[in-house]
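J.: First the structure, then my questions, so here it is.
The values are calculated or read from the model by the stated rules, or taken from the named source; none is laboratory data. From a predicted model like this one, the values you see are computed outputs, not experimental measurements. Every residue, glycine as well, gets a Cβ built from its backbone with ideal geometry; the counts of neighbours run over all protein chains shown.
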Amino acid sequence: MQSLLSLKVTLLPYTPNVLEKSDVEKLKESLYEYQDIFGVDDASLQNLAKDWQIPMEQLKEIIKSPSLLKTKKEETIQEKLWEYWQMVCSDNGNLLTMNFYIRIIFCLQIYFLDTVTNDAKQSLSTFPSFFQFLYLLTVMGQLFSGTSNDEQQKDLASSFTAYFKNVKVENQIISQETIHSIESHLMRGNIQGANSAISDALKEIDNTPVNVAVTGESGTGKSSFINALRGVGHEEKDAAPTGAVETTMHRMPYKHRNIPNVIIWDLPGIGTTNFQPKDYLEKVKFSEYDFFIIISSTRFTKNDVDLAKAVRYMKKNFYFVRSKVDFDLWNEKHCKPSTYDREKVLQLIRNYCVDTFKKNNIDEPQIFLISSRDLSEYDFPVLMDTLIKCLPAQKRHSFLLSLPNITEAAIERKREFLKQFIWLETLMVGISTYFPIVNDIIDNDVKLLKASLYQYQVHFGVDDASLQSLAKDWQVPVEQLKEIIKSPNLLKTTNEETIQEKILECWNMLCLAKGSPLNKSLYAKKVFYLQLYFLDIVTADAKILLKEIYYRNRLSPFPMKIMCFNPSPKPFSQSRKIVNL
């Protein structure tokens with residue numbers, strides 16, 4: 001639409017450093033129109049600031065368009081617009097040298113539109129959770145200082161509730177019951193009760209076990225699936241043994257390397273025992289598992305179906321996984337190259353499984369087609385989403401963090417879970433602790449931030465041990481990998497630089513990225529911002545490596561490990577207690 005309108009204007013000769021007054025007015029009108037359409041005009045921002053009871057200037061700090069046409073004392077509006085024109089040319093590699101004046105107007109309109117669009121996206125991603133959090137900290141400071149009143153208590157409670165309304169139920173890491181309990185404490189001004197409820201919830205997340213049962217006959221790829229789920233190579237020390245012969249006669253636990261409360265149980269196939277399904281379940285202690293995964297590499301047998309019926313009777317969830325579909329596709333492609341159709345082959349496999357269930361009088365369940373050699377393909381991502389949804393809220397966080405980073409969506413979801421955990425953790429500290437008014441980062445928080453960065457790197461597979469393993473697979477120096485990502489050097493200091501100075505440098509970079517100094521009225525905000533900054537850097541690193549893996553996999557017939565975890569782990573608790581702030 002914008003380009004069509006521009007074409008209606010008479011093409012004028014190109015005159016450097018000059019913009020007609022009428023076009024200046026047109027550009028100003030265009031900017032105001034875009035702001036109004038996208039809801040970032042002054043009136044919209046004033047309403048939003050009023051709703052959140054924060055200064056409007058605080059909203060303007062995180063977006064750019066309100067300051068686009070703001071000039072300095074000795075600067076004209078024409079000079080300001082010309083500055084943007086040079087910026088646009090620079091961003092496009094000086095490829096926009098124009099023969100026609102009209103192109104300048106057109107490009108500036110597009111630049112304004114892009115800026116306002118980004119503002120709207122920033123507002124959408126920031127509100128309400130970001131300002132809810134800042135507002136929560138501000139009100140908590142008032143409550144803790146003894147200046148609270150009933151209205152502030154209600155505001156604090158409603159802001160807490162509003163935050164979780166913007167988190168999908170299946171992505172919440174604390175239960176609705178816990179959310180209501182915390183809200184109730186805040187509503188009554190019971191800060192100690194709210195702190196205790198949040199603390200208990202975070203401890204429950206850290207300590208509650210997640211037990212996954214995996215069963216199937218010999219040769220179905222059961223052990224390969226378990227190893228892939230844990231990010232472990234078949235030849236590594238703690239790998240589940242693989243082979244065509246049944247290696248499991250008793251249930252065998254495999255703890256996750258970095259999240260020790262996540263345990264994958266390798267169960268003997270029901271066909272290798274002489275037990276009936278119900279007796280089999282009792283033998284393998286069915287009540288301990290959160291759900292069952294039943295694996296087959298060809299067809300699901302009557303034993304598999306009978307086991308599923310028994311599991312359902314015991315009111316547990318079960319999921320059918322059809323493994324080794326990559327081998328089926330390879331066989332079809334090489335046996336029938338002229339008629340090969342990947343999607344048709346996959347649908348035939350799915351239909352064949354469904355027919356088995358119908359013949360055995362079982363409701364048609366969801367069937368997940370996977371390859372343990374390449375988890376990013378086929379139905380593995382869908383399976384993981386399904387499993388996370390079925391888990392209780394307090395178990396989702398640990399299970400999600402234990403999963404390999406197979407897609408950008410998986411990486412992003414892991415980031416959102418960690419942000420929620422950081423939010424709760426900072427909130428807990430914010431309502432119970434005195435914050436010093438200092439410019440430096442105190443020693444305890446230096447340790448916290450270093451531990452946080454390391455934790456994020458491990459979760460996303462960009463810690464030193466994971467990078468060394470990846471470099472070995474790719475046969476490149478590990479330093480070559482570190483050159484394309486940022487987090488390994490994030491806290492690296494020079495000879496004359498302290499770690500506190502390095503962290504403050506990160507803080508200044510963060511302020512610069514936001515376009516203006518961030519509100520520092522509470523010390524907790526600085527630590528919170530830095531944790532989120534570190535998390536964003538590590539998330540971006542993980543996405544860069546994932547793209548590199550995909551690129552290399554296209555060049556190789558043998559898929560590589562996708563973002564495997566630290567091969568020499570140091571198990572740690574997910575939550576960190578912040579003390580002596």
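J.: Determine the pairs where a residue that is at pLDDT below 90, located within region 182-207, has a partner that is among the charged types (D, E, K, R) with Cβ atoms under 7 Å apart, the partner being 6 or more residues away or on another chain.
T.: Met187/Lys154
Rundown of residues vs (1) at pLDDT 85 or above; (2) outside the structural domain of Asp200 (by TED's automatic domain parsing); (3) over 30 Å from Glu288 (Cβ atoms), yes/no style:
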| site | (1), (2), (3) |
| --- | --- |
| Leu329 | yes, yes, yes |
| Val345 | yes, yes, yes |
| Cys353 | yes, yes, no |
| Asn360 | no, yes, no |
| Glu364 | no, yes, no |
| Pro381 | yes, yes, no |
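J.: So, in region 19-33, of the ones that are in a helix (DSSP H, G or I) and aliphatic (A, V, I, L, M), which residue ends up nearest to Thr115 (Cα to Cα)?
T.: Leu31
J.: Considering region 444-467 alone, what residues qualify as being surrounded by 16 or more Cβ atoms within 10 Å (Cβ to Cβ), free of Cβ contacts under 8 Å to residues at least 40 places away in the same chain and of a type outside the set (Ser, Thr, Tyr)?
T.: Once the filter is applied, which keeps residues that are surrounded by 16 or more Cβ atoms within 10 Å (Cβ to Cβ), free of Cβ contacts under 8 Å to residues at least 40 places away in the same chain and of a type outside the set (Ser, Thr, Tyr), region 444-467 yields only Leu467.
J.: Among the residues of region 281-305, write down those that are over 11 Å from Glu217 (Cα atoms), hydrophobic (A, V, I, L, M, F, W, C) and touching a strand residue (DSSP E or B) at 6+ places or on another chain (Cβ under 8 Å).
T.: Val284, Phe286, Phe291, Phe292, Ile293, listed by residue number.
J.: For region 168-181, what are the residues that are part of a loop (DSSP other than H, G, I, E, B) and touching a residue at least 60 places away in the same chain (Cβ under 8 Å)? Quick ask: steps written out before the conclusion?
T.: Going through region 168-181, the residues part of a loop (DSSP other than H, G, I, E, B) turn out to be 168, 172-175.
Selection gives Gln172, Ile173, Ile174, Ser175.
J.: Can you name the helices (runs of 4 or more DSSP H) wholly within region 451-538 that have at least 1 residues being modelled with pLDDT of 80 or more?
T.: Once the helices (runs of 4 or more DSSP H) in region 451-538 are filtered for at least 1 residues that are modelled with pLDDT of 80 or more, what remains is 464-474, 478-482.
J.: Filter region 199-241 down to the residues that are in a loop (DSSP other than H, G, I, E, B) and among the hydroxyl-bearing types (Ser, Thr, Tyr), then identify the one that is nearest to Gln420 (Cα to Cα).
T.: So the residue we want is Thr208.
J.: Tally time: how many residues in region 359-375 are within 17 Å of Ser223 (Cα to Cα), among the aliphatic types (A, V, I, L, M) and either free of Cβ contacts under 8 Å to residues at least 60 places away in the same chain or surrounded by fewer than 16 Cβ atoms within 10 Å (Cβ to Cβ) (or both)?
T.: Summing the residues that are within 17 Å of Ser223 (Cα to Cα), among the aliphatic types (A, V, I, L, M) and either free of Cβ contacts under 8 Å to residues at least 60 places away in the same chain or surrounded by fewer than 16 Cβ atoms within 10 Å (Cβ to Cβ) (or both) in region 359-375 gives 1.
J.: Mind checking whether some residue in region 409-417 is aliphatic (A, V, I, L, M), modelled with pLDDT of 85 or more and surrounded by 17 or more Cβ atoms within 10 Å (Cβ to Cβ)?
T.: Yes - at least one qualifying residue is present in region 409-417.
J.: Restricting to region 428-450, and then to whatever is part of a loop (DSSP other than H, G, I, E, B) and farther than 30 Å from Met187 by Cβ, can you tell me which residue is modelled with the lowest pLDDT?
T.: Once the filter is applied, the top-ranked residue is Val438.
J.: Condition first: in contact with an Asp or Glu (Cβ under 9 Å, 6 or more places away or on another chain), more than 14 Å from Asn118 (Cα to Cα) and β-branched (Val, Ile, Thr). Now tell me which residues in region 62-79 satisfy that.
T.: Thr71
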